[in-house]
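The next block holds one structure in the form of structure tokens; read it before the comments.
The values are calculated or read from the model by the stated rules, or taken from the named source; none is laboratory data. Only a predicted model underlies this, so the values are computations on that prediction, with no experimental measurement involved. Quick reminder, even Gly has a Cβ in these numbers, built from the backbone with ideal geometry, and neighbours come from all protein chains shown.
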Amino acid sequence: MNHNISDLLNPHIKKLSNELSQKLKIFDAAFERNTNLETIPHFDGRRKQRKSGIGDEFFQFRPLQANESISLIDWRASAKSDNLQIKQKEIHAKNRLYIWLDLRPSMFWVSRDNLLSKAQIGMIVALAISEIARKNQIEVRTFTKTQKSFASGLIESGKYAPAPVAAPMIILSDCMHETDEICEFIGKFRGINFPKAFGIINDSAECDFDFDGRINFIDKENHETIIIEDCQSLQEKYKAEIQDHFSKICATASEIPFSVAKTDNSVDYYEFAQSLLNAIYRGF
Amino acid sequence: MFGAPLQFGFLFPPALFALFALPLVVWVSRLIAPPLIEKEFPAIFILKRLKSPPPKSQKPPLWQILLRITALAFVIFAIADPHIKPRNNVENQSEKIEIFIEDTFAQNQDWSQRCEPIIAYIENSITPNIDIYFINNPTANLKNQNAAQTIKALKSAQFLVGENNFENTIKMLGNEKARIFYFGDGIKSPKSQAFFDTLSVRAIGNINKAALPNVKIIENVQTSENQAQIKVFNSANTLTHLNAMSFDGKIINSVEFTGASFAMQIPKNSRPAYYQILDQNHAGAIFLTENYGAKPSIGIVKDKGQDAGLLSDAHFLNAAASLENIVKSGSVTELIKAGADILVIGDSAGFSNSETALLKTFMENGGTIIRFLGPKSLAKPEDEILTGALKAPEHNLIGQIGPNKINIEPFSKDSIFSGLEIPANVLVEKSVLLEEAHNQTQILAKLSDGAPLISQENFGKGKLFVIHTSATPIWSQMSLSPLQFQILERIFDNSNINFKPKTDNSRITGYLLHEIDSDGRINNLSNPKPIDNLPPKTDATHPPGIYSFNQNIALNVAQSRSFEKAQYPDNFKNFDEKTNGIRLRGPLFLIGLLLLLSENILRIFLNSRIFRNQIASALIALAALLIFTHDAFAETKKDNLKLSYLITNDQKTDNKAKLALIGLAQVLEKRTNIEPSGVIGLKPDSTEIFKQPILFWLLPPNANQLKPNEAENLNRFMANGGILFIDTAGKGQNQNQTQANLRRALSGLIVPPLEKVPQNHVLRKSFYILQGFNGFYQNAEIWVETANSAASNSLDGVSPIIIGDGDWATIWALSANSQFSPFDYTKEVPLRVGVNIYMYALTGQYKADQLHIDAILKRAKKVKP
């Protein structure tokens, strides 16, 4: 059973995302808590980041280094010191949150008609988190330059792997590709010192392999098939293998570091969304 | 159900040998590979890593094999035809059984079904003393039959026409008492009452009456112009479906009616050969007419003049009429004497007086004359057969010779020629008109200029058809086309046949041409049986059928008879099927079939995860229900422990504390054997706090000072072994403010001397081994009662108060209904701190007491199996 992109923009999905954002509202308090933290959100949606850059407020003095312009020297500070000092200002950057929703074909697969597809869950969670972020003066972006709306941007960017950005981000995927391929993808985000959350959304059948009998499995995305003569007998092995797959992905993600949350379409995605929100909120 | 002992048996026991072949089901099941289902699945890359075990799918699951074996066993048992019946009729071997059959034609209706219960009864009988009496045909009587012989006789019983001969049967009866079975035909017979009385005297118990036939008999059919009045005897007064049939088996008309009589319309151009009631299989359901197999005898009248051979009228008429009919030719006198039904006369110059008289009489009796006109007729316009006999002699004929050849007007719908196609090349060059048409003259067909082509007059019982043109091509091309034959055929169909007065057949030898058999079928006899004398009604030697003497005579079952519904005495009881036992074949087949079907249905549902989940849920629910009903007072799973927090002056803080404990409760439940039953907020002055082992106090940023009674209450709580855990959440705040806030909150409380948790403190190992106590803030600290102070308190060394600044509540709150990655230690450690604090509160110092650990563990096992 396959859904398609049009299923991501229907009113039902929007309604579910609104409901989710209402449930997640309690964690608006978490954003409010930032008033006690070192970084203070500005009403214009910008924040200081304890980094030197273009800004209005003093950040620090530091010694002049080779090849730096003399015009940068702060003479008054240099007079008090043995070295030539430069006055640096603190960078003012807008609060931004990037969300990428994997929309490759596997995300649209559903094992049962009455379940939401992985892509649909991803869309609901992404819309709900973006709603909460907006309320907190955080700009939510997708990994595409041209976008009419956040939702359409998600859909457009979902077809291609995102490039790393220096901002908090949430990545939503089913990780239904080779382990090494996923780990390599995650590895691209190494060294970016912003909170990052990695949300894994699966279909329950992908985790449980709850099939019986003799089945010819078809992967339409990669045009591969495999006949399993007795699915029941393979179930435990499958579970162990898929667990190993996810463990490796989680380990790699934690090293980056990513906060990892996982869900499947047979359970309520509220906890999942909340975990992702918790993971990134400290970036603001 | 049965008053007597039951007997179980099989009517076809050899089928049971097939049970030995059942193990083959296992072998056959293994040979059949399960169906290959196609499914889309994204995680094929995982499947490819696995080594698929050798296909054991060839071996079907046990439930499937058992189901198949059970289903087949049911089918085999069904084929063996098991039955359960009472033993009462086999107890007495010497008991005599008498079977009386009113073996008239009506008995044939549904015979095999009606005698089935009695056959089933007889099957179980071991008496060799069964007599069968055929009341209509005593020659078929059988004496001293055993069960098998009786059943054979019943199954092959023949039912003849004729009437029951009760008097004769009475004479054959002895005095011995017998169990009597009676097959009535449902038709009232004379002298039956005395017979019934005799039987009643001789019967052991009541007389077992078999089900009566639902018989319908056509008593009479009277035909008039286009209508047949049908009278029917209907024993059950149910709906009768009756067809009027042609000789060649085509349905002429069909009606459904209830009641005893009905008028059926007979279409033109049709002559019903017989009437038949559907759903009846006896001779009375057929009513033959004399038209059955009858063909009109047609006479072509030869012209007295010169025979023109191939150009004569007679030649053309003979050619047209002889296609399907018996045709003779000759003079008027010869033909009428020979018994012709229809006379066809070509263009003639008139008839002699004697011939005219003969022709008139012929028509008056019902004969049909077809008269073609032409030049000869025109030459003698006084022909009485045309006009004089019908009307005044002054009616002259006038020839009108048209200038052109004229077409024939299409036949009207109500004409007897309706539907005949007129070929385009058939033109009429000349025709003859009557000067003045007779009032009774009907014009059946016209030429396109309005001149009549065919007219008809009724003459006595007969008919005169006049064709106003020649039978030869001299005036008309009709004779060269099939139209002339078709017109003649239609006239033949509308003519009377067998109208001649009945002759005395008693001295004439006739033949039985067509016979109605006992099943209500008409058999055409290839060798007609000679019959010397035809009685007024059917009997054993004169079955119903068509007899040929001078003309065809139909002899039907109902002829000279009337029918009435039979009345049987009160002691003639319907043979109760229940006493006959039950045959189990049907139910067993049904069960076997359902089991075979259910295999597929089960397989489909078992492959459906939704269904499987539902089954699992249902089983769990059922199990739960069973457990619950077994012991309604079973202990609930949860501990009777509620995590409690102190209600402060700040609603927001309270909400956070509540959410924090909800989160921590979930963690405790998942990871430890502490299963809190909920979270509760308690005011400091509440006595409920004494039921709690630990109170969580999340300090608001501007905590109020405790009231004296509140402080006293909390002091008592701590003195009685309770632990007050205070989270100042102050690590991220101004330390001075935090300390001032804490001091304000603790005002009035008896706080022992405190120290940061030492390395060997139980709090670091009560569940998890903790190096630090990180909360929302890193490097958070926890203070507990100093070791020296604790050692001297009365609380077994347990600190009554724990104070920390890590804001663990935030992380605990976030963990509520959430799932952290175990790799995220920023959240994991605060949760572990919470677990350790609560384990410390509940277990005290036992982890510190390694000396008595064995005894403690033993005691724990005894308390909690």
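Residues A:Ile256, A:Ile227: which one is without any contact (Cβ under 8 Å) to a residue 40 or more places away in the chain and of a type outside the set (Ser, Thr, Tyr)?
Numbers: A:Ile256 fails: without any contact (Cβ under 8 Å) to a residue 40 or more places away in the chain.
Matching residue, one of A:Ile256, A:Ile227: A:Ile227.
Residues in the stretch A:187-199 that are more than 10 Å from chain B (Cβ to nearest Cβ) and assigned to a strand (DSSP E or B): A:Lys196, A:Gly199.
The residue list A:Ser106, A:Ser111 contains one member that is more than 14 Å from the chain's Cα centre (by Cα), part of a helix (DSSP H, G or I) and within 14 Å of chain B (Cβ to nearest Cβ), which is A:Ser106. Residues in the stretch A:156-186 that are more than 23 Å from A:Lys145 (Cβ to Cβ), in a loop (DSSP other than H, G, I, E, B) and among the hydrophobic types (A, V, I, L, M, F, W, C) were compared, and the one that is farthest from the other protein chains (Cβ to nearest Cβ) is A:Cys175.
Can you tell me how many residues within the stretch B:298-325 are within 60 Å of the chain's Cα centre (by Cα), surrounded by 14 or more Cβ atoms within 10 Å (Cβ to Cβ) and at pLDDT below 80? Steps first, please.
From the stretch B:298-325, those within 60 Å of the chain's Cα centre (by Cα) are B:298-299, B:317-325; that's our starting set.
Pick out the ones that are also surrounded by 14 or more Cβ atoms within 10 Å (Cβ to Cβ) and you get B:298-299, B:317-322, B:325.
With at pLDDT below 80 added as a condition, the list becomes B:317-322, B:325.
Total satisfying the criteria: 7.
The set of residues from the stretch A:252-267 being among the charged types (D, E, K, R), more than 8 Å from chain B (Cβ to nearest Cβ) and crowded, with 18+ Cβ neighbours inside 10 Å comprises just one member, A:Asp264.
Considering only strands (runs of 3 or more DSSP E) fully contained in the stretch A:214-284, which possess at least 3 residues that are out of contact with any Cys (no Cβ under 6 Å at 6 or more places or on another chain) and under 30 Å from A:Pro168 (Cβ atoms)? First the steps, then the outcome.
Values: elements: A:214-219, A:224-228, A:259-264.
Result: A:259-264.
I'd like to know if the stretch B:545-563 contains one or more residues that are modelled with pLDDT under 80, within 25 Å of B:Leu160 (Cα to Cα), touching a strand residue (DSSP E or B) at 6+ places or on another chain (Cβ under 8 Å) and assigned to a loop (DSSP other than H, G, I, E, B). Yes, because at least one residue in the stretch B:545-563 is modelled with pLDDT under 80, within 25 Å of B:Leu160 (Cα to Cα), touching a strand residue (DSSP E or B) at 6+ places or on another chain (Cβ under 8 Å) and assigned to a loop (DSSP other than H, G, I, E, B). The number of residues in the stretch B:508-540 that are surrounded by 13 or more Cβ atoms within 10 Å (Cβ to Cβ), polar (S, T, N, Q) and out of contact with any Gly (no Cβ under 9 Å at 6 or more places or on another chain) comes to 1. Checked against (1) assigned to a strand (DSSP E or B); (2) touching a helix residue (DSSP H, G or I) at 6+ places or on another chain (Cβ under 6 Å), B:Leu770 passes all but condition (1). Considering the stretch B:209-266, and only residues there that are outside any strand (DSSP E or B) and β-branched (Val, Ile, Thr), the residue that is nearest to B:Lys188 (Cα to Cα) turns out to be B:Val215. One residue stands out among those in the stretch B:781-823 that are in a loop (DSSP other than H, G, I, E, B), at pLDDT 75 or above and of a type in the set (S, T, N, Q): the one that is farthest from B:Val835 (Cα to Cα), which is B:Thr786.
Taking A:Ile186, is it surrounded by 15 or more Cβ atoms within 10 Å (Cβ to Cβ) and closer than 29 Å to A:Asn114 by Cα?
Details: surrounded by 15 or more Cβ atoms within 10 Å (Cβ to Cβ): yes; closer than 29 Å to A:Asn114 by Cα: no.
No: the conditions fail for A:Ile186.
Quick one: is B:Glu334 surrounded by fewer than 24 Cβ atoms within 10 Å (Cβ to Cβ), modelled with pLDDT of 80 or more and outside any strand (DSSP E or B)? So B:Glu334 fits the description; yes. Within the stretch A:268-284, the residues that satisfy the criterion of being surrounded by 21 or more Cβ atoms within 10 Å (Cβ to Cβ) and facing another protein chain (nearest Cβ under 8 Å) are A:Phe272, A:Gln274, A:Ser275, A:Asn278, A:Ala279. Can you name the residue in the stretch A:214-232 that is more than 8 Å from chain B (Cβ to nearest Cβ) and over 23 Å from A:Asn4 (Cα atoms) and is also modelled with the highest pLDDT among such residues? Within the stretch A:214-232, the match that is modelled with the highest pLDDT is A:Cys231.
When the stretch A:244-265 is limited to residues that are within 17 Å of B:Ala43 (Cα to Cα) and among the hydroxyl-bearing types (Ser, Thr, Tyr), the one that is nearest to the chain's Cα centre (by Cα) turns out to be A:Thr263.
Does B:Ile769 fit the bill of being farther than 19 Å from B:Ala703 by Cβ and within 14 Å of chain A (Cβ to nearest Cβ)?
Values: farther than 19 Å from B:Ala703 by Cβ: yes; within 14 Å of chain A (Cβ to nearest Cβ): no.
Considered against the rule, which asks whether it is farther than 19 Å from B:Ala703 by Cβ and within 14 Å of chain A (Cβ to nearest Cβ), B:Ile769 comes out as no.
Here is a yes/no grid of residues against (1) on the phi > 0 side of the Ramachandran plot; (2) polar (S, T, N, Q); (3) within 14 Å of chain A (Cβ to nearest Cβ):
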residue: B:Gly722; (1), (2), (3): no, no, no
residue: B:Lys731; (1), (2), (3): no, no, yes
residue: B:Asn736; (1), (2), (3): no, yes, no
residue: B:Gln739; (1), (2), (3): no, yes, no
residue: B:Leu754; (1), (2), (3): no, no, no
residue: B:Arg764; (1), (2), (3): no, no, no
residue: B:Gln778; (1), (2), (3): no, yes, yes
residue: B:Asn788; (1), (2), (3): no, yes, no
residue: B:Asn793; (1), (2), (3): no, yes, no
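Tell me which of these B:Leu699 doesn't satisfy, since it passes every other one: (1) among the hydrophobic types (A, V, I, L, M, F, W, C); (2) in contact with a helix residue (DSSP H, G or I) (Cβ under 8 Å, 6 or more places away or on another chain); (3) surrounded by fewer than 21 Cβ atoms within 10 Å (Cβ to Cβ). Every condition holds for B:Leu699 apart from (3). Candidates A:Glu241, A:Glu206, A:Glu236: the one that is within 20 Å of A:Leu101 (Cα to Cα), more than 19 Å from the chain's Cα centre (by Cα) and either more than 7 Å from chain B (Cβ to nearest Cβ) or at pLDDT 85 or above (or both) is A:Glu206.
For the stretch A:187-244, the tally of residues that are within 22 Å of A:Lys262 (Cβ to Cβ), in contact with a Ser or Thr (Cβ under 7 Å, 6 or more places away or on another chain) and polar (S, T, N, Q) stands at 1. Checked against (1) at the interface with another protein chain (Cβ under 8 Å from one of its Cβ atoms); (2) assigned to a loop (DSSP other than H, G, I, E, B); (3) in contact (Cβ under 8 Å) with a residue 60 or more places away in the chain, A:Phe211 passes all but condition (3). The set of residues from the stretch B:138-187 being in contact (Cβ under 8 Å) with a residue 40 or more places away in the chain and of a type in the set (D, E, K, R) comprises B:Lys155, B:Glu163, B:Glu176, B:Lys177, B:Arg179, B:Asp185.
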